[in-house]
Amino acid sequence: MAAARRPVAAGVVHPQRRMRFMLFGILIVFSLFAAQLVKLQGLDAASVSAAAIDRRMHEATIPASRGVIYDSKGVALAESVERRNITADPTAVVTYKKRIDGERVEVGYQGAAEDIAAITGADAAELEATLREHDGERWTWLQKDVSPQTWQQVKALHIPGIYAEPFVKRAYPLGPAMAPVVGWVGSGGMAANGIELMFEEQLTGTPGSMTYELGGRGEIITTGASSETPAVPGEDVHLTIDSDLQWFTYNQVEAMVKQSAALRGYAVVMDPKTGDILAAASYPSFDPTDSQQSTEDLRNPLFEDVYEPGSTNKVITAGAALEEEVVDLETPFVLPNRLPRGGTKFKDSHDPDNPYATFAGVLATSSNMGTIMYGEKLPDDVLYEYMQDFGMGREANLGFPGQSAGLVPHPDTWSATSKYTLTFGQGLASTMLQQAGVFQTVANDGVYVEPRLVKGAEEDGTFVEEPDAVQDQVVSKETADELTSIMEYVPSAEGTAPQAAVEGYRVAGKTSTADRYDEEKGRYSGVTAGFIGFAPADDPELVIAVAIQKPTRGKWGGELAGPVFSEVMRYALTSRGVPPSTTEAPEITLHYDPDAPAPGADPGVTLGDIAIRDEGTPQQ
């Protein structure tokens, strides 16, 4: 007999039917997955793959090298060097394992920090603290500014999550000796002052970019997708500077500033024929490797400081008087102890031992009295024009940032004493470069040449030399020769600056010890001690100007600036292979006998009778 079926209670699903329903549902779900899989791997494969790659792609900037600043011989004065900033992904670094006693042991942050510090010289505790501070994060700086070689050693540790970002850093091989001229580029890549700022557009390159694929732990997939747009480096600039001479000059100025406990000092070396600046040194300077600089640090006082030139300015007055035939070399003067002019009484630093001086003697011994007496015979506008022609009161065509034009007051603004003080270098302001230009003119047969600091620059990969400097005949060669013959007396044993002599070479120059106006105090305070000259005097190769500002040990231009001039000139002449002088300096007549007959005058007329003298001019 067949077994009877057990009745199914109402509302209860039969187990077989339930299994069929479940199986049907599972088939539907798998069908959906299968359809999606077909869609992803077939229809949308390209877009899905692209999206995945996009998430793995990383773009980095390739820094552009800044153009190189070279000296006249191709020595780099400022150049870009490749450096690395080490970065970290702490989520990966924490998994760092290394083999210890034959077993791989997880050393994490501490082990990574210790291994990296052993290579870079960093503090391991600080590196570990940085990693722990950013625990759970995907990125942090770990150590900045290491060399590519150091990074390669760190990379060889194979620490997960340790990477490097390349950057370009500016290097200055001559350091402080060249810094005020070259200028400075900060960590942000912004140029400040000097040639760096002057040629910012040419020196700055165009950054490139690099795109690459990263793995799940942040490692670069070497076989993954990548692309690169190369960086374009900046263009180079070539200066007229001789780096060896610059270094020597800087050291000499530094030594004298320290010896005399001065505020600052500077010196410039020029080629009188071309106007090329071969050295331009100032001390104190600044350290261009320091990432923090102040505006005051970055100044170049040689081009920016203006001060009263003092007696070196007498060369302009003397040149004008000779050129305008007011005097000749042997014109006699009777020098007074005091000279009343413009409501005041002028005097020299000391009363003359012999008041019967020739024009040559007035300039050679730097007499203010005699300078006023022949300078006042020049019309106001003529004296003013000569100062302009010699380069005073107008900005040199250098284009150097912050360069000053100085100040020579126009005759319309002169006070009752202005003309007299201007003749001996007070009541006007000028830079050292402008004062050097006066002596460059005399050394170059009376032809003024605009100073030149830049030899040329790259343009689209081709070197383009700067045009020749502008020239202007200010005084005749005869006048220039006469001024030179007088100034050869100054660095002689009997002159005011025997310390400026250079053994074996004829030297011509002029001292200056000028009262220094202090802007902060609003009055005169201290002096500017200077010497400017050229050599060999019979065929000038170099002009050198030296100034020491506000010395507190020593005072006179001959004793402070003279030795610096001598050492720099000796070094420059010998290093350039200039042969010693083979001729003697011409003799000049500094004084005269007042009772001697006056040449070309009537019988009985003496030199004393025709001498230029003060006739007791009443105060104005």
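The values are calculated or read from the model by the stated rules, or taken from the named source; none is laboratory data. The structure displayed is predicted, hence computed values, not measured ones. Positions of Cβ are backbone-derived with ideal geometry, glycine not excepted, and every protein chain shown enters the neighbour counts. These accessible areas exclude ligands, DNA and RNA; they are computed on the full protein's heavy atoms, side chains included. Shrake-Rupley method; radii C 1.70, N 1.55, O 1.52, S 1.80 Å.
Report the extension gain between Gln473 and Ala192 in nm, rounded to one decimal, defined as 0.36 nm multiplied by the number of residues separating them, less their alpha carbon distance.
97.5 nm
With θ set to phi - 60°, apply the Karplus curve 6.51 cos²θ - 1.76 cosθ + 1.60 along region 382-397 and write out the HN-Hα couplings as whole Hz, x wherever there is a Gly or Pro.
Values per residue, Gly and Pro as x: 5, 4, 5, 5, 5, 5, 5, 5, 7, x, 7, x, 9, 6, 5, 7 Hz.
What residues qualify as long-range amide H neighbours of Tyr524, i.e. H under 5 Å apart, gap of 5 or more or another chain, H built at 1.01 Å from N?
Amide H to amide H, under 5 Å and 5 or more residues apart or across chains, Tyr524 pairs with Asp518.
Could you sort Glu325, Glu376 by accessible area so the largest value comes first, with the probe set to 1.4 Å?
From most exposed to least exposed: Glu325, Glu376.
If the cut-off is 27 Å between C-alpha atoms, which lysines fall inside it for Lys155, apart from same-chain ones fewer than 8 positions away?
Those lysines meeting the cut-off are Lys97, Lys98, Lys144, Lys169.
What lysines could a cross-link reach from Lys521, if we take a straight Cα to Cα line under 21 Å and drop same-chain neighbours fewer than 8 places away?
Within the straight-line limit of under 21 Å, Lys521 reaches these lysines: Lys550, Lys555.
I need two numbers for the chain: Rg to one decimal and Dmax as a whole number, Cα atoms only, in Å.
Rg, Dmax (Cα atoms, Å): 39.4, 183.
Counting other Cβ atoms within 10 Å, keep those with at most 14, restrict to DSSP loop, and tell me which GluC sites (Glu not before Pro) in region 93-147 are left.
Passing sites in region 93-147 are Glu137.
Relative to the present Cα-Cα distance, how much length would full extension add between Thr582 and Asn337 at 0.36 nm per residue of separation?
Roughly 84.2 nm would be gained on extension.
Collect residues whose amide H, placed 1.01 Å from N in the peptide plane, falls under 5 Å from the amide H of Asp276; neighbours closer than 5 in sequence don't count.
Asp271, Arg452
Taking the Cα centre of the chain as the origin and placing charges on Cβ (Lys, Arg +1; Asp, Glu -1), which of Gln435, Gly558, Thr211 is farthest toward the positive end of the dipole?
Thr211
Decide, for region 277-353, between rounded, prolate and oblate: order the square roots of the alpha carbon gyration tensor eigenvalues as a ≥ b ≥ c, take rounded if a/c falls under 1.5, and otherwise choose prolate if a/b is larger than b/c, else oblate.
Verdict is prolate for region 277-353.
Give me a comma-separated list of calculated 3J(HN,Hα) values for region 232-242, in order, Karplus coefficients 6.51, -1.76, 1.60 applied at θ = phi - 60°, integers in Hz, x for any Gly or Pro.
10, x, x, 9, 7, 10, 10, 9, 7, 5, 9
Ignoring ligands, DNA and RNA, what accessible area per residue does the chain give at 1.4 Å, in Å²?
49 Å²
If the chain between Met22 and Asp145 were fully stretched, how many nm would it gain, using 0.36 nm times the residue separation less the Cα-Cα distance?
Result for the pair: 37.8 nm of gain on full extension.
Could you work out the local net charge near Arg452, counting Lys and Arg as +1, Asp and Glu as -1, over the other residues with Cβ closer than 13 Å to its Cβ?
Its environment carries a net charge of -4.
Ranking request for peptides 467-477, 270-280, 296-306: highest mean number of other beta-carbon atoms within 10 Å first, then the rest in descending order.
The densest-packed peptide leads the list: 270-280, 296-306, 467-477.
Treat each spin label as a single point 7 Å out from the Cα along the C-beta direction, and report the Lys98 to Thr295 distance in nm.
5.0 nm
Determine the dipole magnitude for region 517-574: charges of +1 sit on the beta-carbon of Lys and Arg, -1 on that of Asp and Glu, nothing else is charged, the reference point is the Cα centre, and the result goes in debye to the nearest 20.
Dipole about the Cα centre, nearest 20: 380 debye.
Let me know the Rg and Dmax you get for region 130-200 when you use only its Cα atoms, in Å.
17.2, 48
I'd like the carbon and sulfur percentage of the solvent accessible area for the chain, probe radius 1.4 Å, heavy atoms only, ligands and nucleic acids excluded.
Carbon with sulfur: 51 percent of the solvent-accessible area.
For the chain, what does the helix formula give at 222 nm: sum of -39500 (n - 2.57) over DSSP H segments with n ≥ 4, over the residue count, nearest 500 deg cm²/dmol?
The per-residue figure over the chain is -9000 deg cm²/dmol.
Quickly rank 166-179, 585-598 as a protection proxy: mean count of other C-beta atoms within 10 Å, highest first.
So the order, starting with the most tightly packed, is 166-179, 585-598.
Just add up the charged neighbours of Glu376: K/R +1, D/E -1, any other residue whose Cβ is under 13 Å from the Cβ of Glu376.
Local charge sum for Glu376: 0.
Can you give me the long-range amide H partners of Val447? Hydrogens built in the peptide plane at 1.01 Å from N, cutoff under 5 Å, separation of 5 or more residues or another chain.
For Val447, the qualifying residues are Val474.
If I histogram all Cα-Cα distances within region 97-163 using bins 5 Å wide from 0, what percent of pairs lands in each bin?
In whole percents, the pair-distance histogram is 3, 16, 28, 27, 16, 7, 2.
I'd like the Karplus ³J(HN,Hα) series for region 325-338: coefficients 6.51, -1.76, 1.60, θ = phi - 60°, whole numbers in Hz, and an x wherever there's a Gly or Pro.
6, 6, 9, 10, 4, 10, 4, x, 10, 10, 8, x, 6, 9
I'd like the per residue volume of the convex hull spanned by the Cα atoms of region 337-449, given in cubic angstrom.
Per-residue hull volume (Cα only) is 121 Å³.
Would you mind putting 151-164, 417-430 in packing order, based on average other-beta-carbon counts within 10 Å, highest first?
So the peptides 151-164, 417-430, ranked by packing, come out 417-430, 151-164.
Can you sort Tyr96, Tyr571 by solvent-accessible area, 1.4 Å probe, largest first?
Solvent-accessible surface, decreasing: Tyr571, Tyr96.
Starting from the Cα of Lys455, draw a straight line to each of the lysines and keep only those under 19 Å, dropping any in the same chain fewer than 8 residues away.
Within reach: Lys73, Lys273.
Quick one: work out Rg over Rh on the C-alpha atoms of region 231-367, Rh as Kirkwood radius.
1.12
Could you give the distance between the Cα centres of region 162-210 and region 359-416, to the whole Å?
When both Cα centres are located, 40 Å separates them.
When N counts the residues of region 535-619, how does its alpha-carbon radius of gyration compare numerically with 2.2 N^0.38 Å, as a ratio?
Taking N as the residue count of region 535-619, the ratio is 1.79.
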